[in-house]
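Structure record follows, encoded as structure tokens.
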Amino acid sequence: MNYGSNFLFKFLCFVCSMAAFWCAGSIVFAAERIERFEVGLRMLPDASLEVTETINYNFGDAMRHGIYRSIPYRYRTNVGNVRIKISNIEVFGANLLSLPYDTSKIGRNVRIKIGDPSKFVSGLETYIIRYTVRDAINFFATHDELYWNVTGNEWNVPIESSSATVTLPRRIITEDIRTA
């Protein structure tokens, strides 16, 4: 191989590898995902919960009408079957304007279908979902338990970051709180 063809070969390899790197980066960037899933759980004196979820959903280049949020309302724990009641559902966008939604029960989940069927969205969208939950606290002789699946298990996209904050109705000694 002479110098010219060797240089051309290396140059073409470089260009191809850069193109592959750029395409792979674009695909990852364009893929749908939840960038941030924040949940606030405020326990009320009657042991019900006020839940506020803020979901930063990145549709990437996809054109969708919105998202589906599935919340488990029936599930099994090591102490038996649990059934919670979900009510007072509200859905907002980042601007705190109400968004259209429908609810249904599918299997063990309450499914909230969020979005306008006549409008497409893409890129980063923020969804704020508020609702009340009754019967989410399990009472035992030695302790009370909040068992909560923060994000649910029904997402078809990766969740990059999630967090939950629990606010109790009264001050509790830190040593009396256990988490798992």
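The values are calculated or read from the model by the stated rules, or taken from the named source; none is laboratory data. Keep in mind it's a predicted model, so treat the numbers as computed, not measured. So basically every Cβ, Gly included, is an ideal-geometry build from the backbone, and we count neighbours across all protein chains shown.
Odds and ends about this structure:
- Some residue of segment 78-92 being polar (S, T, N, Q) and either at positive phi or crowded, with 16+ Cβ neighbours inside 10 Å (or both): yes
- Total residues in segment 38-94, condition in contact with a strand residue (DSSP E or B) (Cβ under 6 Å, 6 or more places away or on another chain), hydroxyl-bearing (Ser, Thr, Tyr) and either at pLDDT below 95 or within 22 Å of GLU145 (Cα to Cα) (or both): 5
- Filter result for the condition that a residue is part of a loop (DSSP other than H, G, I, E, B) and either within 20 Å of the chain's Cα centre (by Cα) or not acidic (Asp, Glu) (or both), over ALA164, ALA180: ALA180
- Count of residues meeting criterion [among the acidic types (Asp, Glu) and at pLDDT below 95] in segment 95-114: 0
- Count of residues meeting criterion [more than 23 Å from ALA180 (Cα to Cα) and either in contact with a helix residue (DSSP H, G or I) (Cβ under 6 Å, 6 or more places away or on another chain) or of a type in the set (Ser, Thr, Tyr) (or both)] in segment 72-113: 5
- Hits in segment 132-155 (condition: exposed (fewer than 14 other Cβ atoms within 10 Å of the Cβ) and not in a loop (DSSP other than H, G, I, E, B)): PHE139, ASP144
- Per the listing THR126, THR167, the residue uniquely over 30 Å from GLY60 (Cα atoms), touching a residue at least 60 places away in the same chain (Cβ under 8 Å) and of a type in the set (Val, Ile, Thr) is THR167.
- Filtered residues of segment 94-114 (kept if in a strand (DSSP E or B) and closer than 30 Å to VAL82 by Cα): TYR101, ASP102, THR103, SER104, LYS105, ILE106, ASN109, VAL110, ARG111, ILE112, LYS113, ILE114
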